[in-house]
Amino acid sequence: MPSKTFYIETFGCQMNAHDSEKVTGTLLSQGYAQVETPEAADLVLYNTCSIRDKAEQKVFNRLQNFKRDAGKGKIFGVLGCVAQQEGEKIFERAPHVSLVAGSASYTRLGEMLVQLEAGNRRVTGLSLDTEDTFDTPFTRRDNPHRAYITIIEGCDKSCAYCVVPFTRGPERSRTSESVMAEARGLAETGYTEIQLLGQNVNSYRDPSPAAWDFAQLLARVAEIPGIRRVRYTTSHPRDFTRSIVDAMDANPAVCDHVHLPVQSGSTRVLAAMDRQYTRDEYMRRIEWLKNAKRHYSLTTDIIVGFPGETAEDFEQTLELLDQVQYDSLFSFKYSPRPNTAALRMEDVVPEEEKQRRLVVLQEKQRAIQIRRNAELVGGILEVLVEGRNQALGQWIGRTSCNRTLNFTHPGTNGTGLLGKYLPVRVTRSGPNSLVGESATVV
Ligand code: SAH
Ligand code: SF4
Ligand code: F3S
């Protein structure tokens, strides 16, 4: 067989990052070799994101750059959420593309590769009518210490702004048996941190007779010998139950961080978004977490400028930030997306006003983070060492509460500390990170 090479670039969320690890593993198992540039590759794959318009445009910019390579034997494929959303229209917009496949079709990836290799220049995988999850023994993981495990694919919610239900299909949970087998296998090969993934992990429901819910699965994964940290993303407040807090309290291996996207502090806007909870219901969950046995770091996602969001609604979001005191947040200007209910809504917020609200929100959060991070100075936090900043002579660590903590450690350099868990004393803080020094006695 002639040597075949591929290049893959990934956009979007952790689900996409992990899908790319599975796609990469599948290609390697089929005899392809991975290369670092699209120029060097026979097969160029873009695993795309469609969550906001800007994300969608990225893939078309990339494809535009390679238009002149059409017909020169290089094969282009578009995977992921833009592939699912735009479907065969991509062949018209970028005629040098030969493969268009969404994540609900990756179980057929091997078969699609065979078609491409046979010279088929219009290969698609676009059906959303599936019970399948993309389980493969060939995952090629990017990180040697922290491993992603998909527990549920798709989304059954219908948030008015969101493309995900259209791009990833209906919810499908994996059996607890296959999740546990993957987690145990990872622990045996030296992984110490596991991140459970799904668009809405809280609605995980084991399809096998054991019928575990998310809290049960979380507790069992956290008990696996060798697993020191378990994270999960993303939660939906509507499905975030008290039993999840209890499972976290009872299992120290579950990290002390909860990402609970609120989107807006106004019940009126939440109803228009079809989020299925009120501000008070959201706050009840925050109270569970604040009154829990352990201390939990809270983070969230917020959209500003959703259609109909008034100055008063926006004020309520700012006020929610004061009330909750998040340790970090992702904030976005509302971006109209194809097929979504919000497209038909009136009272569109002008772009300048969205931008103004975004800046106000981010400034408020910055002040909160400066204050909250400063409170950690002098204390000791355990980090997993994930990298090294040679120029600064610092190690890069991540805390259980998901903060980056850069620190010095006398007498080590090279890669010596990577993957280790160490106590670090915090000496300085900024809005987005902490600086410290190793608290290990040497
Ligand atoms: N399933 C997760 C994540 C969805 S995408 C959840 O339900 O929270 C991640 C974030 O992108 C969302 O939480 C939301 O804040 C943001 N987002 C989604 N669609 C958007 C849109 N059309 N415009 C702006 N932000 C959007
Ligand atoms: Fe999108 Fe809502 Fe599903 Fe999250 S829960 S993926 S925001 S539809
Ligand atoms: Fe983007 Fe699809 Fe993830 S739209 S955020 S890659 S689910």
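Values for this structure:
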| quantity | calculated |
| --- | --- |
| Under 20 Å from the Cα of residue 72 - aspartates and glutamates, other chains or at least 8 residues apart | 36, 39, 42, 92, 117 |
| Alpha-carbon radius of gyration plus Dmax, which is the widest Cα pair, for the range 146-374 in Å | 18.4, 55 |
| Residues whose placed amide H lies under 5 Å from that of residue 34, excluding near-sequence neighbours | 6 |
| Two-decimal log10 I(q)/I(0) for the chain, as the Debye equation yields it once each C-alpha is a single scatterer, q = 0.06, 0.10, 0.11 Å⁻¹ | -0.27, -0.80, -0.97 |
| Nonlocal amide H pairs with residue 75, under 5 Å, H built at 1.01 Å | 43, 44 |
| Cα principal axis extents for the range 4-125, largest first, Å | 35, 30, 25 |
| Cα gyration tensor shape of the range 380-438, rounded if a/c is under 1.5, else prolate or oblate by comparing a/b with b/c | prolate |
| In Hz, Karplus ³J(HN,Hα) per residue of the range 73-81 (6.51, -1.76, 1.60; θ = phi - 60°; x = Gly, Pro) | x, 7, 9, 10, x, 10, 10, x, 6 |
| Net charge dipole size for the chain [Lys, Arg +1 and Asp, Glu -1 on Cβ; Debye, nearest 20] | 880 debye |
| Potential lengthening between residue 54 and residue 181 on full extension [0.36 nm per residue; Cα-Cα distance subtracted] | 41.9 nm |
| Whole-Hz couplings from phi, Karplus 6.51/-1.76/1.60, listed for the range 327-338; x for Gly and Pro | 7, 5, 8, 9, 10, 9, 7, 3, 10, x, 10, x |
| Gained length - residue 143 relative to residue 390, 0.36 nm times residue gap less alpha-carbon distance | 87.0 nm |
| Sequence-separation-based contact order of the range 223-307, relative, with Cα cut under 8 Å and 6+ spacing, percent | 35 percent |
| DSSP loop trypsin sites (Lys or Arg not before Pro) with at most 16 other Cβ within 10 Å excluded, longest remaining stretch of the chain | 141-292 |
| For residue 382, residues with placed amide H under 5 Å, excluding near neighbours | 400, 424 |
| Cut-off 12 Å between beta-carbons: net charge of the residues surrounding residue 103, Lys and Arg +1, Asp and Glu -1 | +1 |
| Inter-centroid distance (Cα atoms) of the range 349-423 relative to the range 186-204, Å | 22 Å |
| Counted charge near residue 272, where neighbours are those whose Cβ lies closer than 12 Å (Asp, Glu -1; Lys, Arg +1) | -2 |
| Length-normalised contact order of the range 4-125 in % [C-alpha pairs under 8 Å, at least 6 apart] | 23 percent |
| Lys, Arg +1 and Asp, Glu -1 on Cβ, resulting dipole of the range 146-374 about Cα centre, debye, nearest 20 | 480 debye |
| Calculated FRET value between residue 210 and residue 294, using beta carbons and R₀ = 22 Å, to 0.05 | 0.25 |
| Options 12, 45, 64, ranked by Cα towards positive dipole end of the range 4-125, top entry (Cβ charges) | 64 |
| Separation of alpha-carbon centers, the range 298-321 and the range 71-110, rounded to whole Å | 36 Å |
| Dipole axis of the chain (+1 Lys, Arg; -1 Asp, Glu on Cβ), positive-most option in 133, 304, 143 | 143 |
| Over the chain, relative contact order from alpha-carbon pairs under 8 Å, at least 6 apart, % | 10 percent |
| Qualifying lysines (Cα of each under 17 Å from Cα of residue 354; at least 8 residues distant if same chain) | 54, 333, 364 |
| Surrounding net charge for residue 160, when Lys and Arg each add one and Asp and Glu each subtract one, Cβ distance under 11 Å | +3 |
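Where a number appears in this text, it was derived from the coordinates with a stated rule and is not lab data. Just so it is clear, the model here is predicted, and its values are computed rather than measured. Positions of Cβ are backbone-derived with ideal geometry, glycine not excepted, and every protein chain shown enters the neighbour counts.
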